[in-house]
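Chemist: A single structure is presented below for examination.
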Amino acid sequence: MNKKMIAFGWVLVCALSLLTPSFAVAETTVLVTGSNRGLGYEFTRQYAERGYNIIATARKPEKAEALQALAAENPNIIIEKLDVTDLAAIDALADKYTDQPIDILINNAGVTGDPFKTQMLGKIDYSIFDLVMHVNVMGPLKIAEAFLSNVEVSEQKKIISVSSSMGSISKTFGTGYFYRSSKAALNMTMATLAKEVKSKGIVIGLVNPGPTATDMMKNFSGASLRDPVEATTDMIRNIDNLTIETTGAFLQYDGSTLPW
Ligand SMILES: NC(=O)c1ccc[n+]([C@@H]2O[C@H](COP(=O)([O-])OP(=O)(O)OC[C@H]3O[C@@H](n4cnc5c(N)ncnc54)[C@H](OP(=O)(O)O)[C@@H]3O)[C@@H](O)[C@H]2O)c1
């Protein structure tokens, strides 16, 4: 299939999906943000392999060729357009799925803002601060808030955010001011949410994949990077193991607890 055909197919899918979305028969539903590449794509692929329904959101679905190909093979994947900084779009998507229980909500979309170029002391580019905070902190909170009732009526009731050891204050070694701050803020946001929704039985989790070979890390040469498949399998295992007793946990990929 050439790119024009894929784009046309996507426009058709978009038009049809304005109608009420409906899945096949799976009982478990997952929503993933930033599902077009990297860890988000891998979450989508691995959960689809389990036979779960996936609401796979992406900022530019028309360009998400790998995700479209995956969805073409898996009727349980519905692709939805979503920029996590667009609060009105988040509300509109939540309205569209108002009757759909969502078992696992995964706040995966994230940006670093390119720390080595923009976040080195002496040459910090303050113009990117808002973007990093909007994508990594405000988006996840708004998505959790907008879809809270979908999660509450589900079986598993889990809201998961992909954090980073870069947000661990006690492990910092310098540089990456905005990215580190955003993940520390994400941690605080989700720890606060965990307290607030525990009485509803909703489980909150923060998972760290470890340094992983995705586009995000393409400028970090020399680092020893993890395989995205393995990193995602580890996060999914940790998500499976989370319970209301461990809600609010900040989990390293090996299942141990990371320090704040
Ligand atoms: N890779 C690592 O080493 C590592 C380590 C620790 C934590 N993490 C975290 O893991 C998560 C996934 O990272 P990754 O490694 O898979 O990175 P990636 O390959 O760069 O993918 C980032 C994803 O986020 C999406 N995204 C960015 N801005 C968005 C927005 N405004 N709205 C919606 N989607 C947006 C991107 O969509 P577009 O294609 O449209 O840009 C892409 O799908 C992030 O939260 C990251 O901080 C990664």
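Chemist: Taking K and R as +1 and D and E as -1, what net charge do the other residues with C-beta under 12 Å from the C-beta of residue 103 add up to?
Modeler: On the way: positive: 50, 157, 158; negative: 27, 152, 155, 240.
After counting each charged neighbour, the total is -1.
Chemist: Show me, for segment 142-154, the HN-Hα J-couplings you get by feeding each phi into the Karplus relation (A = 6.51, B = -1.76, C = 1.60, θ = phi - 60°), rounded to Hz, glycine and proline as x.
Modeler: Here the 3J(HN,Hα) series is 4, 5, 4, 5, 5, 9, 4, 5, 5, 6, 4, 8, 8 Hz.
Chemist: Could you name the lysines whose alpha carbon sits less than 16 Å from that of residue 195, not counting residues in the same chain fewer than 8 places away?
Modeler: Qualifying lysines at Cα under 16 Å: 157, 158.
Chemist: Ok, one more. How about residue 63: which lysines have a C-alpha closer than 27 Å to its C-alpha, ignoring those fewer than 8 places off in the same chain?
Modeler: Those lysines meeting the cut-off are 3, 4, 81, 96, 117, 142, 218.
Chemist: Neighbouring Cβ atoms within 10 Å as the yardstick, rank 202, 54, 244 fewest first.
Modeler: Ascending Cβ contact count within 10 Å gives the list 244, 202, 54.
Chemist: Can you work out the Karplus-derived ³J(HN,Hα) for every residue in segment 130-140? Use 6.51 cos²θ - 1.76 cosθ + 1.60 with θ = phi - 60°, whole Hz, and x for glycine or proline.
Modeler: Each residue's phi maps through the Karplus curve to give 4, 4, 4, 5, 5, 6, 8, 10, 5, x, x Hz.
Chemist: Provide the FRET efficiency to the nearest 0.05 for the residue 73-residue 169 pair, computing r from the beta carbons and using R0 = 51 Å.
Modeler: 0.75
Chemist: Where is the GNM fluctuation largest for the chain (alpha-carbon springs, 10 angstrom cutoff): 210, 110, 122?
Modeler: Of the options given, 122 has the highest mean-square fluctuation.
Chemist: Also: On a full-extension model of 0.36 nm per residue, what is the gain between residue 88 and residue 65, subtracting their alpha-carbon distance, rounded to one decimal in nm? Working shown, then result.
Modeler: On the way: separation 23, 0.36 × 23 = 8.28 nm, distance 2.58 nm.
Gain in length upon complete extension: 5.7 nm.
Chemist: Let me ask something else about it. Efficiency by 1/(1 + (r/R0)^6): what FRET value for residue 195 and residue 217, r their Cβ-Cβ distance, R0 = 30 Å, to the nearest 0.05?
Modeler: It comes out at approximately 0.35.
Chemist: 7 Å from Cα along Cα→Cβ at both residue 114 and residue 149: what's the point-to-point distance in nm?
Modeler: Using points 7 Å along Cα→Cβ, the separation is 4.2 nm.
Chemist: Okay, next question. Taking every DSSP beta bridge that has both residues in segment 68-214, what percent is antiparallel when rounded to the nearest 5?
Modeler: Percent antiparallel among DSSP bridges in segment 68-214 is about 0.
Chemist: Another question, if that's okay. Treat the count of other C-beta atoms within 10 Å as a stand-in for reagent exposure and order 217, 235 from fewest to most.
Modeler: Final ranking by Cβ density, sparse to dense: 217, 235.
Chemist: So if I average 1/r over every pair of distinct C-alpha atoms in segment 188-260 and take the inverse, what Kirkwood radius in Å does that give?
Modeler: 13.3
Chemist: Tally Lys/Arg at +1 and Asp/Glu at -1 over every other residue whose Cβ is under 14 Å from the Cβ of residue 138; what's the total?
Modeler: Summing Lys/Arg as +1 and Asp/Glu as -1 gives -3.
Chemist: I need 196, 245, 42 ordered by Cβ neighbour count within 10 Å, fewest first.
Modeler: Exposure proxy ranking, most exposed first: 245, 196, 42.
Chemist: Just the number, please: Stokes-Einstein D of segment 26-251 in µm²/s, Kirkwood Rh from C-alpha pairs, 4 °C, 1.567 mPa s. Mind showing how you got there, number by number?
Modeler: On the way: Rh = 17.6 Å.
Using the Kirkwood radius from Cα pairs, D works out to 74 µm²/s.
The numbers here are math on the coordinates, done by the rules we state, and not lab data. From a predicted model like this one, the values you see are computed outputs, not experimental measurements. All Cβ positions, glycine included, derive from the backbone under ideal geometry; neighbour counts span all protein chains shown.
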